[in-house]
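**Student:** This is the structure I have questions about; it appears just below.
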């Protein structure tokens, strides 16, 4: 195998390790009963070269390099009764704004669930007390 083939195979092998489905579909993040799954746009590129010297030494040398970039493009939001995809607009301020806009809604939902659970516990406790009497 020539030097250039060795360099290309090694570079491609390393890049394949980076380009998996987990790279494009991020790890789910769960908060309460909601889950957010990030979706990413991924780009990669590489190059390699090798050559032989002239003259008596006839030495060979080569090099390879690659680049890898990704950016968030959307999130999948999975809630108890709804699944939706929310695009992430360019710029950090819009992402932060989007998250901040959804915080009150998520908090209201969590508070409501907490209150419902508390009411259920009260009912069960009252029912037990009535049965004991």
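**Student:** Could I have the simple spin-label model distance between residue 68 and residue 5, label points 7 Å from Cα toward Cβ, reported in nm to one decimal?
**Tutor:** The two pseudo-label positions are separated by 2.6 nm.
**Student:** On full extension of the chain, what length is gained from residue 23 through residue 61, given 0.36 nm per residue of separation minus the C-alpha to C-alpha distance?
**Tutor:** 10.4 nm
**Student:** Hey, could you grab the Kirkwood Rh for the range 3-132? Inverse mean 1/r over distinct alpha carbon pairs, Å, one decimal.
**Tutor:** 20.0
**Student:** So if we plug the beta-carbon distance of residue 114 and residue 77 into 1/(1 + (r/R0)^6) with R0 = 30 Å, what FRET efficiency do we get, rounded to 0.05? Display every interim value, and only then the final one.
**Tutor:** Values: r = 20 Å, r/R0 = 0.68.
My answer for the efficiency is 0.90.
Computed from the coordinates by the stated procedures, all read-outs in this text should not be read as laboratory data. Small disclaimer: the values here were computed from a predicted structure and weren't measured. Counting neighbours? That spans all protein chains shown, and the Cβs are built from the backbone with ideal geometry, glycine included.
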